[in-house]
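Below is one structure, written out as structure tokens; comments come after it.
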Amino acid sequence: MRHGYSARQIRDAEAPHLAAGEPLMARAAAALADVVTEVLAERDAAPGRVLLLVGSGNNGGDALFAGATLAADGHEVWIVELGSRTHAEGLRAALDAGARVVSGTAAASPDVIVDGILGTGAAATPALRGRARETVASLLLSLSGRDAAAVVAVDIPSGINPDDGSVPDPTVLPADITVTFGGYKAGLLGGDAVRLAGDVRLVDIGIGDELAKMVPAVVVE
């Protein structure tokens, strides 16, 4: 049985841990880096090329800190900033480790694309917009064929409603793997999200006790 939780429930479960100063983002980023490293190894990409699509929220921070680990491990890491702002500490860590900010995606030819544009904070308006949408639309044209990049989504594929799995705009990068943190997002367990999330891997970041006290938004076998 898998229990799915709403974006609000996840935030409520995280709140006391964040208030206590627990490194939830560091835990999430470490797990994300491990999964990307696994994918690169499976593709015999050593060192590999990793393209980070970074939005304004915590998903972007997760991607950047994971990118810092990957760059420190010798992989080539490119950052495309697609939000109104960028997580400052995560960006500094990634750049210090050797990652580079790039303005476009065409020349990158990555082995792995990390989708860290939108997360549960976009539940009210999950559709991609502006440059983020244009970038994903462009990448969708290249995600075919044997040599296409693998896509790893951070917490939930950008453009999916985390609460009900609906997809208000079809411009979504289908993930090969979605690394989701703390608890399954309800939207990953139903609706169109099921075909877009790929292999959903749940990572324990230390909020399980709080979620266990809540009534899940959905329960699936």
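Taken together, the values in this text are just the output of simple stated rules run on the coordinates, not laboratory data. Quick caveat, the model's predicted, so the values are computed rather than measured. Please note: Cβ atoms are built from the backbone with ideal geometry, for glycine as well, and neighbour counts cover all protein chains shown.
If each residue of separation counts as 0.36 nm, what is the full-extension length gain between residue 101 and residue 2 once their alpha-carbon separation is subtracted?
Taking 0.36 nm per residue and subtracting the Cα distance, the gain is 31.9 nm.
Could you tally the net charge around residue 33, taking each other residue with its Cβ under 12 Å from the Cβ of residue 33, Lys/Arg +1 and Asp/Glu -1?
Taking every Cβ under 12 Å from that of residue 33, the sum is -3.
Would you mind checking the tilt of helix 130-140 against the longest principal axis of the Cα atoms of the chain, expressed as 0 to 90 degrees and rounded to 10?
70
First select every other residue whose beta carbon is under 14 angstrom from the beta carbon of residue 184; then total the charges, Lys and Arg +1, Asp and Glu -1.
Result for the neighbourhood of residue 184: -3.
Springs between alpha-carbon atoms under 10 Å, Gaussian network over the chain: tell me which of 99, 15, 197 tops the mean-square fluctuations.
Maximum fluctuation in the GNM of the chain, among the listed residues, is at 15.
What is the angle, in °, between the Cα long axis of helix 88-97 and the longest principal axis of the Cα atoms in the chain? Nearest 10 is fine, range 0 to 90.
40
Compute the acute angle (0 to 90°) between the alpha-carbon long axis of helix 58-72 and the principal axis of greatest extent of the alpha-carbon atoms of the chain; round to the nearest 10°.
Long axis of 58-72 versus the principal axis of the chain: about 40 degrees.
Using a/c under 1.5 as the rounded threshold, could you call the range 33-145 rounded, prolate or oblate? The axes a ≥ b ≥ c are square roots of the C-alpha gyration tensor eigenvalues, and prolate needs a/b larger than b/c, oblate otherwise.
It is oblate, given that a/c is not under 1.5 and a/b is not larger than b/c.
Quick one: Kirkwood hydrodynamic radius for the chain, alpha-carbon pairs, angstrom, one decimal?
Hydrodynamic radius (Kirkwood, Cα only) of the chain equals 17.1 Å.
What percent do you get for the relative contact order of the range 2-220 when only Cα pairs under 8 Å and 6+ apart count?
Relative contact order comes out at 24 percent.
How large is ³J(HN,Hα), in whole Hz, for each residue of the range 194-208 in order, when computed from phi with the Karplus curve 6.51 cos²θ - 1.76 cosθ + 1.60 and θ = phi - 60°, using x for Gly and Pro?
For the range 194-208, the Karplus curve yields 4, 7, 9, 8, x, 7, 8, 10, 8, 10, 7, 10, x, 10, x Hz.
For a quick protection proxy, order the peptides 84-95, 61-72 by their average other-Cβ count within 10 Å, most packed first.
Peptide ranking by packing, descending: 61-72, 84-95.
Could you sort 26-37, 131-142, 109-120, 182-193 so that the peptide with the highest average Cβ count within 10 Å comes first and the rest follow in order?
Ranking the peptides 26-37, 131-142, 109-120, 182-193 by packing returns 109-120, 182-193, 26-37, 131-142.
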